[in-house]
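Nothing in this text is a laboratory measurement; each read-out follows from the coordinates by a stated rule. Because the structure is a prediction, the values reported are computed rather than measured. All Cβ positions, glycine included, derive from the backbone under ideal geometry; neighbour counts span all protein chains shown.
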Amino acid sequence: MRCEEGPLSEVYDRLRAEIVDGTLAPGAALVETTLAERYGTSRTPVREALRRLQQDGLVERADRGMRVRTRSPEEILEIYEARIALEATAAAGAAQRRSDFDLVRISRAQKTMTATPASDPAAMAESNRAVHEAIWAASHNGTIVDLLTRLNNHLTRYPWTTLSMPGRWEEAIVEHAEIIDAIEKRDSDRAYELAREHMTKARELRLRIYGDDATA
């Protein structure tokens, strides 16, 4: 059903989904008139949706208009350079400032992750993200949570999950348990170092997957 002034949220959600799932490939031109016709709306919500997606890091300006942001190993390194530092800082902050309720929330997320079958990449990624987000929240640092959320948005353009690599799922569960133990014991130095090592491994796997895909 066509809607002349379709709600911004609907256009944003549909456009974002098509970028993340690869329907709109990296580098694809995003022409307002074409997208408005595609989604059965006017150009205004499309323009606003593109503006939000640019803030999310999913689209970028090109010579003419906007395009889906391209991928590169250099970008992976940039994202993880920031994410490693922020994840480690969040874990240390959680060890210092976590409440009993924070521990319950983290524990529940970890149990859900442990119960998630390794045969479902989407569920694996979702449950893993929930553990990380629970730790971010436990840091009680809104700036860190905001920055990590933005970095996560950048990574959604890379559809492969490092958790599908042989043995990585089980390894990640163990690493999470060690980080959580440090948080419970309020050992901020250990939590920092464990989180840093955890995300460094994720970076190396992400680069390996990107390289394998580029040469396939």
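Please go through segment 174-213 and give me each residue that is touching a residue at least 60 places away in the same chain (Cβ under 8 Å) and under 18 Å from the mean Cα position of the chain (by Cα), ordered by number.
Once the filter is applied, which keeps residues that are touching a residue at least 60 places away in the same chain (Cβ under 8 Å) and under 18 Å from the mean Cα position of the chain (by Cα), segment 174-213 yields 176, 195, 196, 198, 199, 200, 202, 203, 206, 207, 210.
Tell me which of these residue 66 doesn't satisfy, since it passes every other one: (1) closer than 23 Å to residue 193 by Cα; (2) free of Cβ contacts under 8 Å to residues at least 40 places away in the same chain; (3) of a type in the set (A, V, I, L, M).
Going through (1) closer than 23 Å to residue 193 by Cα; (2) free of Cβ contacts under 8 Å to residues at least 40 places away in the same chain; (3) of a type in the set (A, V, I, L, M) one by one, residue 66 breaks only (1).
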